[in-house]
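The values are calculated or read from the model by the stated rules, or taken from the named source; none is laboratory data. Just so it is clear, the model here is predicted, and its values are computed rather than measured. When the accessible area is computed, the model is the full protein with side chains, heavy atoms only, and any ligands, DNA or RNA have been set aside. Shrake-Rupley method; radii C 1.70, N 1.55, O 1.52, S 1.80 Å.
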Amino acid sequence: MNEKQRTKISRFLSKHLRHTPQAIGLSLEPGGWIEVERLLQACTSHGLSLTRQELEEVVATNDKQRFSFDETGQKIRANQGHSVSID
């Protein structure tokens, strides 16, 4: 995946994990967490076809560490800058 693709995905994730999860049919759990599989399904349903491997690459290579997986790797969240309540 090239830098332009990573940036596009990162912006999409930031928008929906920090500000408008409901726009893609998501409801964040306390702490801002969402199941990875639900996120991937929502992305695909809303025009962003994204695989687990691509998601992991975006998380690992993001220079600002915007996202993180939980200890099981089954949930993901934006690390900061939420405008929606996460607790």
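With the convex hull of its Cα atoms as the shape, the chain has an orientation-averaged projected area of 5.1 nm².
Apolar share of the accessible surface for the chain: 46 percent from carbon plus sulfur atoms, 1.4 Å probe. In the complete set of protein chains, residue-level accessible area for residue 18 is approximately 50 Å², probe 1.4 angstrom.
Check every DSSP H run in the chain and write down those whose alpha carbon atoms cover 30 angstrom or more along the long axis and whose mean Kyte-Doolittle hydropathy is 1.6 or greater.
Working: long enough: none.
Within the chain not a single helix satisfies the rule.
Over the chain, accessible surface divided per residue gives 59 Å², non-protein components excluded, 1.4 Å probe. Available extension along the chain between residue 35 and residue 70 is 11.6 nm, counting 0.36 nm per residue and deducting the alpha carbon span.
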